[in-house]
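Down below is the structure, laid out as structure tokens.
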């Protein structure tokens, strides 16, 4: 039985290499609170840039007064990669999920920095948050899961089927 578990772990590792990986970056917030829940700048590391494409996935929402704050910009290493405005914003009750494709030239090996910056003043007691920010790195041309799990969806499905088959086979031996 131990041998089968080792073989399954090896297969899961291979699926991770084929389909890609996700990196959990964290949460960002821009607000006028004296003690915000999250910072407006967050750093993350990439060991290499061997992926074929890079995508940033996150959920965004807030209660910004869009007449005072015209837009909120998301920067990656000093370059604006996304703009939140009144027509594409999420609210506390209507959270939006966004997937941004990022050019490889915007990324650095080692330290990278995401920053959320308002274009204008933030009215008192208002905020805008980006939650569950993940970097999805595709290593091949196949589609990659954009879930928060570090294991791609096809690998999860195959592992469930393999576990069910092993249980059924061992049940017959009992």
Full extension between residue 93 and residue 163 adds, at 0.36 nm per residue less the Cα distance, a length in nm of 21.3 nm
Length-normalised contact order of segment 39-125, Cα under 8 Å, at least 6 apart, in percent, tallies to 48
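Laboratory data are not the source of any read-out in this text; all were calculated from the coordinates shown. Only a predicted model underlies this, so the values are computations on that prediction, with no experimental measurement involved.
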